[in-house]
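Notes follow the structure.
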Amino acid sequence: MSLKEEIERRRTFAIVSHPDAGKTTLTEKLLLFGGAIHVAGAVKSNKIKKTATSDFMEIERQRGISVATSVMGFEYDGVKINILDTPGHQDFAEDTFRTLTAVDSVIVVVDAAKGVEAQTEKLMKVCRMRKTPVIVFVNKVDREGKDPFDLLDEIEKQLEIHVHPLSWPVGMGQRLQGVYNILDRKMYYFSGDDKTKAEEPQEFKDINAPEVDKKLGERNAEKLREDLDLITGVYPTFDNQEYLDAKVAPIFFGSALYNFGVKELLESFIRIAPSPQPSQTIERQVSPYEDKFSGFVFKIHANMDPNHRDRIAFVKICSGTFHRNTNYTHVQLGRQLKFSSPTAFMAQKTSVVEEAYAGDIIGLHDTGNFKIGDTLTEGENMHFKGLPSFSPEMFRYIENSDPMKAKQLAKGIDQLMDEGVAQLFTLTMNGRKIIGTVGALQFEVIEYRLLHEYGAQCRYEPASLYKACWVRPNDKAEWEDFKKRKFKSIAKDKYDRDVYLAESAYELQMAQEKFKGLEFFFTSEF
């Protein structure tokens, strides 16, 4: 297979949603259809003891939520699919935002009963900003929910994108009888009263066929035909290019829990979703079809295998082919690095790969060489854009609870900060360490992981701060004056950059007005 063919058969996408919309369950079912797993795990279930493949961290199993992005790859119908299952909880939004820089398209999961929720709107804003193509999967149609037409209007209004239904539910909740695939003009009828034992769907290519009335009942069949006539009247013919240009979001209906509509989503997705797209660097645009390899680190995860205390850097390949045991240039360090065991992912499970192509996500074992945003190339000096750290909004002093474990605590904090789960600021006045996060739950995750992965106990003390902002001192004299006046509020981040920790909005505003020779930034990418 040629390089072009290898790249064109790849689909790399993220699944995003509000918490509890069924995102991780959908991921499981996609893996099941792809033959990557044999039993789908449940995120929350007393009956099924198997947990979701993508929720591999212990805290995720206990809470029943995703707290870190996980990567899974599998083959389906000749297409190589890379799924990135992201955290839905807003406290881990930063991980999700960074993940969106490494994908070519997105599936947004919406709960049929709850509709579009706040976190979904925020994530969609990032997709619009990056012009990322979006498919919406309306989940949980096996429960009583909103009218499908009302859902279409809500999605269009709140996500600020034109929509186009490509599948349609026949009934909802207890009355759910199947899903009609508008794209292929096929009717998938689900027989069997027990939805957990849904039989193989039966296909109907002609919606007016008498068998449809027989299977659905005349009333339901007529309602479906009326709905489809209305859809045809309101929504023009589906234009795949408009979807690729992020102007239209195709809508699919189904139930991830009971496999309704999931196969239709997967089969339609591999047909309409984009193959790897060009990536933007500060220097130039990089085409995936270039011969020379390039890629960037969008995530770092410590202790994926607790037995080996390993650190994995997740690299999105942007162009060319990556080969094992080949020297590549780490642009930021200006060094040549060789990787003997690059890995492909199935959440926590990994397998060594000999080569990987543009669009793939690979894991590189890291001993501290990488940080988020780093670039690997075959020698060219370029820097990929769009991987900032955001200004934290919650702060706590972190203290060591066990003086005998100071080394373990320092190592744990260092590695967890590299992952981007939070940010560490060290006060220049007294060296006290402050953890800054975008959500309160991150503090719990840090404390839990320090204890269970590093054997280190920490305690937190409140820090009444309003905002952390990075400072660029364009005027040296003014910067020295600012440091004298604000000596209690000056800190360094993990990469030794100057940070001002403002105690209130008023204090920050006054600093910006008074010190015109200083620039204040609310993301680390400046």
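Restricting T437, T428 to those that are among the β-branched types (V, I, T), over 24 Å from R311 (Cα atoms) and in contact with a strand residue (DSSP E or B) (Cβ under 8 Å, 6 or more places away or on another chain) reduces the list to T428. If the condition is being surrounded by 15 or more Cβ atoms within 10 Å (Cβ to Cβ) and free of Cβ contacts under 8 Å to residues at least 40 places away in the same chain, then the range 498-511 contributes D498, Y500, A502, E503, A511.
Identify all residues within the range 242-259 that are more than 30 Å from T377 (Cβ to Cβ) and either open to solvent by less than 10 Å² (accessible area, probe 1.4 Å) or out of contact with any strand residue (DSSP E or B) (no Cβ under 9 Å at 6 or more places or on another chain) (or both); write none if there are none. Correct list: Y243, A249, P250, I251, F252, F253, G254, S255, A256, Y258, N259. Residues in the range 144-161 that are farther than 14 Å from A112 by Cβ and assigned to a loop (DSSP other than H, G, I, E, B): L159, E160, I161. Taking the range 117-150 as the range and being within 20 Å of L166 (Cβ to Cβ) and free of Cβ contacts under 8 Å to residues at least 60 places away in the same chain as the test, the residues that pass are M124, G145, K146, D147, D150. Counting residues in the range 468-479 that are part of a helix (DSSP H, G or I), in contact (Cβ under 8 Å) with a residue 24 or more places away in the chain and surrounded by 14 or more Cβ atoms within 10 Å (Cβ to Cβ) gives one or more.
Every residue, every condition in (1) farther than 30 Å from A113 by Cα; (2) at pLDDT 90 or above; (3) surrounded by fewer than 23 Cβ atoms within 10 Å (Cβ to Cβ), yes or no:
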residue	(1), (2), (3)
E264	no, no, no
I282	yes, no, yes
F296	yes, yes, no
F322	yes, yes, no
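Filter the range 219-238 for residues that are within 29 Å of M129 (Cα to Cα) and open to solvent by less than 70 Å² (accessible area, probe 1.4 Å); which is farthest from the chain's Cα centre (by Cα)? That would be I231. In the range 438-455 there is no residue matching the filter, namely being crowded, with 16+ Cβ neighbours inside 10 Å and in a strand (DSSP E or B). Would you confirm, using the coordinates I've provided, whether A406 is without any contact (Cβ under 8 Å) to a residue 24 or more places away in the chain and not charged (D, E, K, R)? Against the criterion (without any contact (Cβ under 8 Å) to a residue 24 or more places away in the chain and not charged (D, E, K, R)), A406 qualifies. State all residues of the range 484-496 that are open to solvent by 70 Å² or more (accessible area, probe 1.4 Å) and part of a helix (DSSP H, G or I); if no residue qualifies, say none. Passing the criteria: K484, R485, F487, K488. When you check D153 against the structure, is it free of Cβ contacts under 8 Å to residues at least 24 places away in the same chain and open to solvent by less than 70 Å² (accessible area, probe 1.4 Å), yes or no? So D153 fails the test. If you go through the range 2-38 and pick out every residue that is part of a helix (DSSP H, G or I) and modelled with pLDDT under 80, you end up with 3.
For (1) closer than 14 Å to M394 by Cβ; (2) at pLDDT below 90; (3) in contact with a Ser or Thr (Cβ under 8 Å, 6 or more places away or on another chain), each residue gets a yes or a no:
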{"residue": "K407", "(1), (2), (3)": "no, no, no"}
{"residue": "G412", "(1), (2), (3)": "no, yes, no"}
{"residue": "M417", "(1), (2), (3)": "no, yes, no"}
{"residue": "G439", "(1), (2), (3)": "yes, yes, no"}
{"residue": "L450", "(1), (2), (3)": "no, yes, no"}
{"residue": "Y454", "(1), (2), (3)": "no, yes, no"}
{"residue": "P462", "(1), (2), (3)": "yes, no, no"}
{"residue": "W479", "(1), (2), (3)": "no, no, no"}
{"residue": "A491", "(1), (2), (3)": "no, no, yes"}
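The values are calculated or read from the model by the stated rules, or taken from the named source; none is laboratory data. Nothing here was measured: the structure is a model prediction, and the numbers come from that model. Backbone-built Cβ (ideal geometry, glycine too); neighbour counts: all protein chains shown. What goes into the accessible areas is simple: the full protein's heavy atoms, side chains included, and nothing from ligands, DNA or RNA. Shrake-Rupley method; radii C 1.70, N 1.55, O 1.52, S 1.80 Å.
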